[in-house]
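The values are calculated or read from the model by the stated rules, or taken from the named source; none is laboratory data. Owing to the predicted nature of the structure, the values given are computational and were not obtained by experimental measurement. Reconstructed Cβ throughout: ideal geometry from the backbone, glycine too, with neighbour counts over all protein chains shown. What goes into the accessible areas is simple: the full protein's heavy atoms, side chains included, and nothing from ligands, DNA or RNA. Shrake-Rupley method; radii C 1.70, N 1.55, O 1.52, S 1.80 Å.
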Amino acid sequence: MTKPTRQEAIDKVASLVKDIKVALITSVDAGGMLRARPMWTQDAPFDGTLWFLTSHDSSAAREITGNPRVNVGYSSTSSEEYLSVSGQAEILNDRARIAEFWNPMLKAWYEGPDDPTIRCIRIAVDEAEYWDAPGGKIGSLFSIAKGVLTGDHDTSDNEHGTVKF
């Protein structure tokens with residue numbers, strides 16, 4: 001199997017992320033413990049970078065400032081697509097991006113797009129590992145049933161791999 005190009009890697013991750021909006025971001029706290037929290041992926045074309053919003057004083061912001069290494073997990077059990085992304089995060093006070101990402105649902109946490117507490121989390125992806133079952137749940141169940149009935153445990157129909165950016 002040939003190593004995918006950077007653009008092929010970007011396209012693969014983009015195809016997986018586009019329909020799975022809630023991600024689990026794992027960061028490292030000051031004591032070295034891993035901490036994960038669900039966060040909404042912002043609508044921005046994936047170019048090797050993921051975007052999220054947070055508050056300037058959130059635990060996520062403090063942890064990323066102390067240690068920028070993060071992992072972002074995506075999971076869709078309905079389509080049998082899974083993605084684990086590793087990268088470097090940074091907290092940005094990018095007012096133009098915040099205005100671009102603003103939507104009325106954010107009023108539950110912030111006063112408006114000019115709220116001075118909103119920050120962007122920008123994650124530059126280093127590597128992504130994915131598991132994708134063609135045919136979704138039906139294809140995955142068929143593959144499992146075939147293995148149970150025939151003893152053939154070949155899962156080569158399932159697409160999986162690691163791509164580096």
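Listed values, structure above:
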{"read-out": "³J(HN,Hα) computed for each position of segment 48-54 - Karplus, 6.51 cos²θ - 1.76 cosθ + 1.60, integer Hz, glycine/proline x", "value": "x, 10, 10, 10, 9, 10, 8"}
{"read-out": "Amide H partners (placed H, <5 Å) of D126, local residues excluded", "value": "S86, G87, Q88"}
{"read-out": "By accessible area with a 1.4 Å probe, ligands and nucleic acids excluded, highest first: order of E80, E127", "value": "E127, E80"}
{"read-out": "Backbone HN-Hα couplings from phi across segment 106-121 [Karplus 6.51/-1.76/1.60, Hz, Gly and Pro as x]", "value": "5, 5, 5, 10, 10, 5, x, x, 8, 4, x, 8, 6, 9, 9, 9"}
{"read-out": "Chain lengthening between T2 and D57 when straightened (0.36 nm per residue, less Cα-Cα)", "value": "15.4 nm"}
{"read-out": "In Hz, Karplus ³J(HN,Hα) per residue of segment 74-87 (6.51, -1.76, 1.60; θ = phi - 60°; x = Gly, Pro)", "value": "10, 8, 10, 5, 5, 9, 6, 10, 9, 9, 10, 10, 10, x"}
{"read-out": "For segment 57-137: accessible area per residue (Å², 1.4 Å)", "value": "51"}
{"read-out": "At R0 = 22 Å, FRET efficiency that the Cβ-Cβ distance of E100 and S78 yields, to 0.05", "value": "0.15"}
{"read-out": "Per-residue SASA entry for W131, accessible area with 1.4 Å probe, Å² rounded to 10", "value": "110"}
{"read-out": "With DNA, RNA and ligands ignored, accessible area of H160 (1.4 Å probe; Å², nearest 10)", "value": "110"}
{"read-out": "Trypsin sites (Lys or Arg not before Pro) lying in DSSP loop within segment 46-120, provided at most 15 other Cβ fall within 10 Å", "value": "none"}
